[in-house]
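What follows is a set of notes on a single structure, which appears directly below.
The values are calculated or read from the model by the stated rules, or taken from the named source; none is laboratory data. Every value quoted in this text rests on a predicted model; they were computed, and no experiment measured them. Note that each Cβ is placed from the backbone with ideal geometry, even for glycine, and that neighbours are counted across all protein chains shown.
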Amino acid sequence: MQKMNRRHMLSVSAAALAAAVPATRALAANRSLIIRAEPSDVRLSGVDGPASQMMTYNGTFPGAEIRLQQGDRLDARLDNALEEGTLIHWHGIRVPNAMDGVSMLTQEVLSPRQSFEYRFSVPDAGTYWYHAHYLSYDQVARGLFGPLINTETHPPDVDRDITVQLLDLKIDASGRFDPDTDTSAFTTLGRIGNVQKAHLSDPQPVRIGDRIRLRLINTATDRIIAVQVTGLEGRLVALDGMPLAVPRDFDVVTLGPGQRADVIGDVTGEIILTDVREDAVILGGLSASGERSRRQGVVAALSSNPDVPLGRATQNVELVMQGGAGGAAHRGFAGWAFNDQSGLSGQPLVRIERDTAMTIRLVNATGWPHAIHLHGQHFYEIGTDGSIGDYRDTTLLEPGQTRIIACQFTNRGRWLLHCHMLSHQADGMVTWIDVT
Ligand code: C2O
Ligand code: CU
């Protein structure tokens, strides 16, 4: 208890956080939170629907937004009030390795009734998220995730800054969460839901002429979502938290599980978000009411994050994705594998010295798409012509596709590299890189 008195504490409820975040601050300030992972009753099908037993952070589904300013320090105590172990991973944040929240690699699984203090600062501005990283195919599906937003020191001029958590829920005929114990889909597209929704942090109507920022986060365990936004003349300004040097005209942005995109644009009418990956599914939106005169001038690039210059690669490795239904039989594994290894090995894929660069040739030798995520640092997608492309933490490969990524490893430690389709990860598509 003594410890608790020393600390300035907040619980992560949306209202508490909103109230706790002043609009502007001259100095980076320390932020303390308690995040309680707990079983909670959630009405997934609306207030009149039946309650489902979910897992939440502080009772909120989906998880409340943690909003920091670039450079802030976060001090978050995870209290495990579940009946099983858990851990939090801070997806896309360049944390010290011991704060990365990966079982078997960076920390022990936190047992029920235990607590763990995550302490780190956030070097990069942008749209990130936090989620469970133990039995994540189940714990994330049950609600253990939320947005982590690091605002720029010089934020863009917008009327509204709205976080959009894209949800893919599996709901049974009674309107309750469907735990879907059939794991046969794990070797195909993974666990795909039957109810898709966009959860908006601020659902108030917009005015025509407003300039708004949408921070899209694909929180689905396995579903790829191609988001189309109508009612907005928008430009794509960031991918996976990292600003684009030159914003792009925006029509549809495809997001694999774990990927994010920031869009800034001017409202021209009712905002509707649709997933157009397969049959068009309306995810949600914002009604328009009232009008204001539009800003002059196009959407500019966001202020850039600390530069991580890409050196000449000292190693070039290949990572072949294997397995899945309908694929060729592979040696000694069922499910999925990288380079004939299914599941986390005691040996890393590769060792590399800190502050050196490496290319990884990702080969999707399966009949299914995969979203490959690297912990602890971002990487560049390299174009087929050798050009340096987007700076991301997760890259989506369609069946049969090959892509080279190049990474300057700036962060020491044991970093997971895995498919962010969480059923694929559970079924073996996971390895790690040792940065010494
Ligand atoms: Cu978003 Cu290894 O995770
Ligand atoms: Cu996969």
> Are any residues in segment 193-215 in a strand (DSSP E or B) and either under 17 Å from the mean Cα position of the chain (by Cα) or crowded, with 18+ Cβ neighbours inside 10 Å (or both), and if so, which ones?
Replying inline: 196, 197, 198, 199, 200, 206, 211, 212, 213, 214, 215
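So which residues in segment 93-121 are modelled with pLDDT under 95 and either at positive phi or part of a loop (DSSP other than H, G, I, E, B) (or both), if there are any at all?
Let us first name the residues in segment 93-121 that are modelled with pLDDT under 95, namely 103-104.
Of everything in segment 93-121, just one residue is modelled with pLDDT under 95 and either at positive phi or part of a loop (DSSP other than H, G, I, E, B) (or both), namely 104.
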> Identify, please: which residue in segment 124-147 is within 21 Å of residue 213 (Cα to Cα) and out of contact with any Ser or Thr (no Cβ under 8 Å at 6 or more places or on another chain) and is, among those, surrounded by the fewest Cβ atoms within 10 Å (Cβ to Cβ)?
Replying inline: 124
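Listed here are the residues, each with its yes/no results for (1) out of contact with any Lys or Arg (no Cβ under 6 Å at 6 or more places or on another chain); (2) within 13 Å of ligand 2 (Cβ to nearest atom); (3) assigned to a strand (DSSP E or B); (4) on the phi > 0 side of the Ramachandran plot.
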residue	(1), (2), (3), (4)
347	yes, no, no, no
359	yes, no, yes, no
368	yes, yes, no, no
373	yes, yes, yes, no
385	yes, no, no, no
391	yes, no, yes, no
416	yes, no, yes, no
434	no, no, yes, no
> So which of 138, 180, 124 is under 20 Å from residue 418 (Cβ atoms) and either within 16 Å of ligand 1 (Cβ to nearest atom) or modelled with pLDDT under 95 (or both)?
Replying inline: 138
> Has segment 170-189 got any residue that is within 21 Å of residue 91 (Cα to Cα) and not small (Gly, Ala, Ser)?
Replying inline: no
> Which residue pairs have Cβ atoms under 6 Å apart, sit 6 or more places apart or on different chains, and have a first residue in segment 126-146 that is farther than 12 Å from residue 89 by Cβ and a second that is of a type outside the set (Val, Ile, Thr) and within 16 Å of ligand 2 (Cβ to nearest atom)?
Replying inline: 137/422; 137/423; 137/426
> Taking residue 421 and the conditions (1) surrounded by fewer than 18 Cβ atoms within 10 Å (Cβ to Cβ); (2) on the phi < 0 side of the Ramachandran plot; (3) of a type outside the set (Phe, Trp, Tyr), which numbered condition does it fall short on, given that it satisfies the others?
Replying inline: (1)
> For segment 55-92, which residues satisfy the criterion of being surrounded by fewer than 20 Cβ atoms within 10 Å (Cβ to Cβ) and either in a strand (DSSP E or B) or within 16 Å of ligand 2 (Cβ to nearest atom) (or both)?
Replying inline: 60, 67, 73, 75, 77, 79
> Within the group 327, 265, which residue is small (Gly, Ala, Ser), surrounded by 14 or more Cβ atoms within 10 Å (Cβ to Cβ) and not in a strand (DSSP E or B)?
Replying inline: 327
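Sort out which residues of segment 253-262 are under 14 Å from the mean Cα position of the chain (by Cα) and surrounded by fewer than 23 Cβ atoms within 10 Å (Cβ to Cβ), and write them in order of number.
Across segment 253-262, the qualifying residue is only 254.
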> Does residue 290 satisfy the condition of being surrounded by 18 or more Cβ atoms within 10 Å (Cβ to Cβ) and either charged (D, E, K, R) or part of a strand (DSSP E or B) (or both)?
Replying inline: no
> Taking segment 310-339, which residues are at pLDDT 95 or above and away from ligand 2 (no atom under 16 Å from the Cβ)?
Replying inline: 310, 311, 312, 313, 314, 315, 316, 317, 318
> Which one of these does residue 187 not meet: (1) at pLDDT below 95; (2) surrounded by fewer than 16 Cβ atoms within 10 Å (Cβ to Cβ)?
Replying inline: (2)
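Residue-by-condition table, conditions (1) touching a His at 6+ places or on another chain (Cβ under 9 Å); (2) farther than 28 Å from residue 411 by Cα; (3) of a type in the set (A, V, I, L, M):
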| residue | (1), (2), (3) |
| --- | --- |
| 225 | no, yes, yes |
| 241 | yes, no, no |
| 264 | no, yes, yes |
| 293 | no, yes, no |
> Of the residues in segment 40-54, how many are buried (at least 16 other Cβ atoms within 10 Å of the Cβ) and not polar (S, T, N, Q)?
Replying inline: 3
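Surrounded by 23 or more Cβ atoms within 10 Å (Cβ to Cβ), charged (D, E, K, R), in a strand (DSSP E or B) and touching a Ser or Thr at 6+ places or on another chain (Cβ under 9 Å): which single residue out of 168, 161 fits that description? Show your work before the answer.
Details: 161 fails: surrounded by 23 or more Cβ atoms within 10 Å (Cβ to Cβ).
Selected residue: 168, the only one of 168, 161 that is surrounded by 23 or more Cβ atoms within 10 Å (Cβ to Cβ), charged (D, E, K, R), in a strand (DSSP E or B) and touching a Ser or Thr at 6+ places or on another chain (Cβ under 9 Å).
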